[in-house]
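Below: one structure, written as structure tokens.
Laboratory data are not the source of any read-out in this text; all were calculated from the coordinates shown. In this text, all values refer to a predicted model and were calculated from it rather than measured experimentally. Cβ sites come from the backbone with ideal geometry, for glycine too, and all protein chains shown count toward neighbours.
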């Protein structure tokens, strides 16, 4: 990606290294509870037993602490600056698209943290991966996830990393448009967990498509992409498909438990956004 020398966003909170150096015997937040449920489903173990292990295990992880107004300086390291540039380009794309639709775009804040972080959605650890919290309109990411994306999932490259940020900002777009609220209501009325999961898959695939919409405009209008970048993004989408994740963890695939979609689905919807550049082409909830 041609990102060096481009505008960096001012909507970045760099909480890395903030707060107590270590936290011992930390409690389990909503992200940890989700991890327990996933592990229980994948391994067939009793979720209550796993929960007890999580709660009694002594852990030592860096703690990023809460936000402190006025104390967050712009990131100065290479990866932090890269994330800031990607966020700035996302702001430009979505501000233009919203303005053309007669709507005002309210950009999210990107929070960079290490180990654990406190958000309006609870306490989360880096193990949960990047996430968007609609309650405070912030995207949270421990940048070590990019190393995991490369080494563990075999999806290297700066555009693969940019896709991850763009996907989470896609959830912010869904929140601003009221889509997230409608889906949450539909999930609460679902007759089964499988039906609720289907709504989750639709949301995630739409966020993939919206990430592609951003990349389409970033390249057409600002020539941000270089040869090979699209392949990096598609490779990342494929690497984190539910089927591959399940097969890697347990050797089996159980579509009824998917929450993000298969590798094939994620690639297809990211590609649709890349090719069309049109948010209306990202309708996964029909």
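Some values worked out for this structure:
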{"quantity": "Two-site label geometry, residue 137 and residue 278: point separation in nm, points 7 Å out along Cα→Cβ", "calculated": "2.9 nm"}
{"quantity": "20 Å reach of a label modelled at residue 10, 7 Å along Cα-to-Cβ, counting backbone N of region 102-133", "calculated": "104-112"}
{"quantity": "FRET E, pair residue 256, residue 286, Förster distance 30 Å, beta-carbon r, rounded to 0.05", "calculated": "0.90"}
{"quantity": "In Å, descending, principal axis extents of the Cα set of region 100-230", "calculated": "45, 39, 27"}
{"quantity": "Neighbour-count ranking [beta-carbon atoms within 10 angstrom, fewest first] of 260, 219, 4", "calculated": "4, 219, 260"}
{"quantity": "Backbone N under 13 Å from the residue 106 label point (7 Å along Cα→Cβ), restricted to region 191-217", "calculated": "none"}
{"quantity": "Region 206-236-region 112-173 distance, computed between alpha-carbon centres (Å)", "calculated": "18 Å"}
{"quantity": "Where labels lie 7 Å past Cα in the beta-carbon direction, separation of residue 247 and residue 99 in nm", "calculated": "4.5 nm"}
{"quantity": "Inter-site label distance for residue 186 and residue 76 at 7 Å from Cα along Cβ, in nm", "calculated": "4.8 nm"}
{"quantity": "log₁₀ of I(q)/I(0) at q = 0.14 Å⁻¹ - region 68-158, Debye sum with one point per alpha carbon", "calculated": "-0.61"}
{"quantity": "Share of Cα-Cα pairs in region 194-281 lying beyond 22 Å, as whole percent", "calculated": "30 percent"}
{"quantity": "Largest-first principal axis extents of the Cα set of region 247-286 (Å)", "calculated": "37, 20, 9"}
